[in-house]
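The values are calculated or read from the model by the stated rules, or taken from the named source; none is laboratory data. Remember, it's a predicted structure, so these values are computed and weren't measured experimentally. Virtual Cβ from ideal backbone geometry, glycine too; neighbours counted across all protein chains shown. SASA here: full protein model, heavy atoms, side chains in, ligands and nucleic acids out. Shrake-Rupley method; radii C 1.70, N 1.55, O 1.52, S 1.80 Å.
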Amino acid sequence: NVGAAFRSAAALGVDAVLVTPRCADPLYRRSVRVSMGTVFQVPWTRLEKWPGGLEELRAAGFTTAALALSDDSISLDELVEQIAAGRHERLALVLGTEGDGLSHGAVAAADTVVRIPMAGGVDSLNVAAASAVAFWATRV
């Protein structure tokens with residue numbers, strides 16, 4: 001999933017990827033292969049604190065948007081409308097792990113919670129697919 005997210009980030013013009021302390025290593029052989037080498041193309045770094053790193057992003061002028069299933073979430077469409085209206089000049093999308101998603105602490109630390117609208121009774125996407133959808137929708 002890390003490699004697939006990097007591949008989507010490269011393809012859809014994401015400026016950089018920040019990984020958490022416990023995230024899989026983007027330079028792991030399988031991640032490099034799945035990314036088709038884009039882990040060497042997209043700038044990335046590992047945050048030292050999590051979810052404390054979200055406060056550092058906020059201090060740097062970013063709005064943090066956690067992709068999560070939550071009663072108080074807004075739709076990805078609403079986030080895109082906010083971007084078009086100039087509300088989020090610098091946006092950091094926060095994605096969780098496969099299965100568990102984001103921790104309650106990470107969701108609480110984010111500025112907004114965003115869900116991808118889905119049909120057919122499906123409640124969530126795999127994190128690699130969700131990253132591609134979110135990157136595409138929020139591209140500038």
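Among the residues of the stretch 78-89, what is the count of those that are open to solvent by 60 Å² or more (accessible area, probe 1.4 Å) and within 10 Å of R115 (Cα to Cα)? Total meeting the criteria: 1. Of everything in the stretch 37-77 that is closer than 14 Å to D111 by Cβ and either without any contact (Cβ under 8 Å) to a residue 24 or more places away in the chain or hydroxyl-bearing (S, T, Y) (or both), the residue that is least open to solvent (accessible area, probe 1.4 Å) is T64. Tell me, please, whether a residue that is part of a loop (DSSP other than H, G, I, E, B), surrounded by 20 or more Cβ atoms within 10 Å (Cβ to Cβ) and hydroxyl-bearing (S, T, Y) can be found in the stretch 6-15. No - not one qualifying residue is present in the stretch 6-15. Taken over the stretch 119-140, the criterion of being part of a loop (DSSP other than H, G, I, E, B) and within 20 Å of Q82 (Cα to Cα) is satisfied by T138, R139, V140.
Within the option set A10, A24, being at pLDDT below 95 and not β-branched (V, I, T) holds for one residue only, A24. Name the residues in the stretch 90-100 that are open to solvent by 50 Å² or more (accessible area, probe 1.4 Å), in a loop (DSSP other than H, G, I, E, B) and closer than 21 Å to W44 by Cβ, would you? Within the stretch 90-100, R90, L95, E98 meet the criteria.
Filter the stretch 36-62 down to residues that are assigned to a loop (DSSP other than H, G, I, E, B) and either in contact with a helix residue (DSSP H, G or I) (Cβ under 6 Å, 6 or more places away or on another chain) or among the hydrophobic types (A, V, I, L, M, F, W, C) (or both), then give me how many there are. Walk me through how you get there before you give the answer.
We begin by selecting, within the stretch 36-62, every residue assigned to a loop (DSSP other than H, G, I, E, B); these are 36-37, 41-43, 47-52, 60-62.
Those still in the list that are either in contact with a helix residue (DSSP H, G or I) (Cβ under 6 Å, 6 or more places away or on another chain) or among the hydrophobic types (A, V, I, L, M, F, W, C) (or both) too: 36, 41-42, 47, 50-51, 60, 62.
Adding up the residues that qualify gives 8.
Can you tell me how many residues in the stretch 63-89 are assigned to a helix (DSSP H, G or I) and charged (D, E, K, R)? Full working, then the answer.
Filtering the stretch 63-89 for residues assigned to a helix (DSSP H, G or I) gives 76-84.
Among the residues that remain, those that are also charged (D, E, K, R) are: 77-78, 81.
Number satisfying all stated conditions: 3.
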